[in-house]
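The values are calculated or read from the model by the stated rules, or taken from the named source; none is laboratory data. These numbers were taken from a predicted model, which means no experiment stands behind them. In this analysis, Cβ positions are derived from the backbone assuming ideal geometry, glycine residues included, and neighbour counts consider all displayed protein chains.
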Amino acid sequence: VTTRPFFRVVAMLSVDAGRLVRTESFTPRQYLGDPAIAARILSDFECDELILSDISASRRGTPRSFDQRCLAEATRCPLTVCGAVSTLNDVESLVAGGAERVGVNSLLGNDDGLQRFGAMVGEFGQSTMVASIDVRWRDRSLVAFTHGGTREHSRPLAELLSRVSELGAGEILIHDATRNGGRQGFDTRLLDALAAMTSAPKIFCGGARSVDDLLAVAERPGFSAAGAASIFSVIGPNDAPLIRYAATPTRQQRNEQRAHSL
Amino acid sequence: VRTPSDRIRELDTRHRPITRQCRRCVLDSTVPDLELVDGICQYCRTWGTHVGHTIDTDPARLKDKIDALKAGGKGRQFDCLMGLSGGVDSSYVLMKCVEFGLRPLVIHVDNGWNTAESNHNIAALVEQLNVPLITKVLEWDMFSDMQLSMLRASTPDGEVPTDHAIYATMLSEVRAHKIGAIVSGGNYATESVLPADWGYGASDWRYIRSVHQLFGTAPTDQFPHYGLDELAKARFNGPPTVRLLNFLDYDRQQAIDELVANVGWEDYGGKHCESSYTRFFQTVLLPHKFAIDKRRAHLSSQILAGAVTRDEALHELEAPTFDDRWFDTELPFIMAKLRITPDQFWDIVDRPPKSFRDYPNQEKNVQRIQAVRYFPAKVKTRLRSLRSR
């Protein structure tokens, strides 16, 4: 389907105090159920990757409000976990608990935290550590945020991006905080700007309206994955909760094959 | 080595030997109140005489039903409310309703045990048929506590909290959207035989609540429920439930083929296995702990409807109810999801079976409501059968 076979379509899950929620601008809007069953369903749909963010973690100061054992039992696809990860121990326990990769957001907010992120990369390797950065437009320039889009970063975005690449982030997860949960389509101006700022591998999410939006990102240089939450978790004009990996190429192809064989 | 599946199958010895068997269907002495007369059980003898439980494939009758639903929906946003689980029955009746030009509101109750298959099928139907869907997601911490308390109560009613929540949700949606009727996938072709002692309680909130008070901890105020008064109101003055499949020549396999061809539905085999809890409950716990093999009821229904022969049914029953791989692929997840240890799981399995009668309940009153409500129809059916004799 795409000329870049390793491009991944990622399902994003937000967890608030153990409950799976749909967010708009990072604010919980709708209860979607138990995160573990969502992970199981998405795994069975042969989802490329799951990124689970515990959005309540930094607010409550307790990491991992969800049941880690259950999530690990449920998940059968690559899993990245984010949320109030600040120490080497946090990373270790998440990896031991079944996460392939660990995302770090709030920690990147200051120089001391950036150093610690570097130490995590040294300990667990590039392939484990993901730097997660939230971005918003202000006038005509992009501003970096941490703490789930609530705290503005003191450095310019371009500088922060190159800093985390230097520190060895395996990938940079970039979240369009403005369009989060809005389903009005990706901000292509933002995608252009990000591609110009850094060539490091990036995961982009925030605002996907359809799977086509996600696949269109594959055509751009420097993006290794694109993610979405709403289109995989609600359906129809009433936004009825329904977890699925909607019309991804694999499933679409399978259905076409079936249609031909009938 | 004694494997987990040995441990499950050893439970069968509690219920052996099978002493009696109906000559016409495949019910046997695992049905505690089986009454054989000339070797024929009461379910076979009374088949086709239950109120509203008939198959009538006269196209005129179907048209009457559809027209009545349309007339009832005049001036309203929807003609009927329909529950959708993603299983064959509810999927097929929805597809048919849209084909007949009805305007349903579709409701899915998510009890936390959905599967990729169920969700794929719900999405396929909703998108292909372009029908409005609403989902009621039960709070998982609360609902899992209800479900676990029912398992600890050791009665064969592990699906009762789900069934109760579904009907409670439907009643409140009917009220909220001023809908005149419920169209259900319930059908006489595959569900006419259901032994009375095989399960109880879907309408008995006192039973569900008292079991939860004994074995649960989480608050239940968010649990969708209805008491006796609301049950009576629904039965006497509420929306009628129309079992539309009883007016079609409902054949399960043909229904699956149509669904696959028309909406890209997926078949995953096994009745009611659109949920991993249902699969656990109906294929592992019920048949071995309680000697309730639901396949016997479904196959008996199909024998009486003429869809399968008794020999075919007996052959099908020789297959094990579950696949041994289930212990590796599903059980660890189920235990993790219910937050129980293997010891707690085996404790649930090994507890001696109990009945709802061991707990506070309001069976008498639930029965009274049903009896009074269906008395006139019962008389009518009786008169009709006397006349035709």
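Structural remarks
- Per the listing B:Glu266, B:Glu230, the residue uniquely surrounded by fewer than 20 Cβ atoms within 10 Å (Cβ to Cβ) and assigned to a helix (DSSP H, G or I) is B:Glu230.
- Failed criterion for B:Gly264 (all others in (1) within 14 Å of chain A (Cβ to nearest Cβ); (2) under 21 Å from B:Gly112 (Cα atoms); (3) at pLDDT 90 or above hold): (2)
- Just one of the numbered conditions (1) modelled with pLDDT under 95; (2) part of a strand (DSSP E or B) is not true of A:Gly103: (1).
- Filter result (part of a helix (DSSP H, G or I) and either within 14 Å of chain B (Cβ to nearest Cβ) or among the polar types (S, T, N, Q) (or both)) within the range A:198-235: A:Val211, A:Ser230, A:Ile231, A:Phe232, A:Ser233
- Taking every residue in the range B:365-379 that is within 12 Å of B:Phe236 (Cβ to Cβ) and pairing it with any residue that is at pLDDT 85 or above and surrounded by 12 or more Cβ atoms within 10 Å (Cβ to Cβ), at least 6 positions away or on another chain, the pairs with Cβ-Cβ distances below 8 Å are B:Ile369/B:Leu228; B:Ile369/B:Leu231; B:Ile369/B:Ala232; B:Ile369/B:Arg235; B:Gln370/B:Arg235; B:Arg373/B:Arg235.
- Filtered residues of the range B:186-235 (kept if touching a Gly at 6+ places or on another chain (Cβ under 7 Å) and β-branched (Val, Ile, Thr)): B:Ile208
- If the condition is being in contact (Cβ under 8 Å) with a residue 24 or more places away in the chain, out of contact with any helix residue (DSSP H, G or I) (no Cβ under 9 Å at 6 or more places or on another chain) and more than 22 Å from B:Ala336 (Cα to Cα), then the range A:80-113 contributes A:Gly103, A:Gly109, A:Asn110.
- Evaluated against (1) surrounded by fewer than 21 Cβ atoms within 10 Å (Cβ to Cβ); (2) assigned to a helix (DSSP H, G or I), A:Leu161 falls short on exactly one condition, (1).
- Among the residues making up the range B:339-364, those that are part of a loop (DSSP other than H, G, I, E, B), in contact with a Ser or Thr (Cβ under 8 Å, 6 or more places away or on another chain) and more than 18 Å from A:Asp34 (Cβ to Cβ) are B:Arg351, B:Pro352, B:Pro353, B:Lys354, B:Ser355, B:Tyr359, B:Pro360, B:Asn361.
- Verdict on B:Val88 being over 22 Å from the mean Cα position of the chain (by Cα), more than 19 Å from B:Ser172 (Cβ to Cβ) and hydrophobic (A, V, I, L, M, F, W, C): no
- Test: residue in the range B:18-29 that is closer than 27 Å to B:Pro320 by Cβ, touching an Asp or Glu at 6+ places or on another chain (Cβ under 7 Å) and charged (D, E, K, R): yes
- Residues of the range A:17-27 that turn out to be crowded, with 19+ Cβ neighbours inside 10 Å and away from chain B (no Cβ under 13 Å), as a count: 2
- Taken as a whole, the structure leaves B:Asp157 outside the set of residues that are within 11 Å of chain A (Cβ to nearest Cβ) and over 30 Å from B:Cys97 (Cα atoms).
- Test: residue in the range B:164-176 that is in contact with a His (Cβ under 6 Å, 6 or more places away or on another chain), in contact (Cβ under 8 Å) with a residue 24 or more places away in the chain, in a helix (DSSP H, G or I) and away from chain A (no Cβ under 14 Å): yes
- Pair list, Cβ under 9 Å, 6 or more apart: the range B:200-222 residue without any contact (Cβ under 8 Å) to a residue 24 or more places away in the chain, other residue part of a helix (DSSP H, G or I): B:Gln213/B:Ser149; B:Asp221/B:Met142
- Applying the condition of being of a type in the set (A, V, I, L, M) and part of a helix (DSSP H, G or I) to the range B:309-338 and asking which residue is nearest to the other protein chains (Cβ to nearest Cβ) yields B:Ala336.
- Residues within the range A:195-222 that are in contact (Cβ under 8 Å) with a residue 40 or more places away in the chain and buried (at least 20 other Cβ atoms within 10 Å of the Cβ), tallied: 5
- Filter result for B:Glu258 (of a type outside the set (Lys, Arg), outside any helix (DSSP H, G or I), within 14 Å of another protein chain (Cβ to nearest Cβ) and farther than 13 Å from B:Thr190 by Cβ): no
- Within the range A:31-80, being within 10 Å of chain B (Cβ to nearest Cβ), under 21 Å from A:Asn180 (Cβ atoms) and more than 16 Å from the chain's Cα centre (by Cα) holds for A:Tyr31, A:Leu32, A:Gly33.
- Within the range B:195-227, the set of residues being assigned to a loop (DSSP other than H, G, I, E, B) and polar (S, T, N, Q) comprises B:Ser203, B:Thr217, B:Thr220, B:Gln222.
- Some residue of the range A:236-250 being away from chain B (no Cβ under 11 Å), part of a loop (DSSP other than H, G, I, E, B), within 30 Å of B:Val131 (Cα to Cα) and at pLDDT below 95: yes
- Only a single criterion out of (1) modelled with pLDDT of 90 or more; (2) within 19 Å of the chain's Cα centre (by Cα); (3) surrounded by fewer than 17 Cβ atoms within 10 Å (Cβ to Cβ) is not satisfied by B:Asn246, namely (3).
- Among the conditions (1) among the acidic types (Asp, Glu); (2) in contact with a strand residue (DSSP E or B) (Cβ under 6 Å, 6 or more places away or on another chain); (3) free of Cβ contacts under 8 Å to residues at least 60 places away in the same chain, B:Asp28 misses just one, which is (3).
- Of all the criteria given as (1) within 14 Å of chain A (Cβ to nearest Cβ); (2) in contact (Cβ under 8 Å) with a residue 40 or more places away in the chain; (3) buried (at least 16 other Cβ atoms within 10 Å of the Cβ), the one not satisfied by B:Gly238 is (1).
- Flag if B:Ala116 is out of contact with any helix residue (DSSP H, G or I) (no Cβ under 7 Å at 6 or more places or on another chain), farther than 24 Å from B:Lys70 by Cα and surrounded by fewer than 24 Cβ atoms within 10 Å (Cβ to Cβ): no
- Test: residue in the range B:319-330 that is of a type in the set (Asp, Glu), farther than 30 Å from B:Phe236 by Cα and in contact (Cβ under 8 Å) with a residue 60 or more places away in the chain: yes
- Residue among A:Ser43, A:Ser53, A:Ser93 that alone is outside any loop (DSSP other than H, G, I, E, B), among the small types (Gly, Ala, Ser) and surrounded by 23 or more Cβ atoms within 10 Å (Cβ to Cβ): A:Ser53
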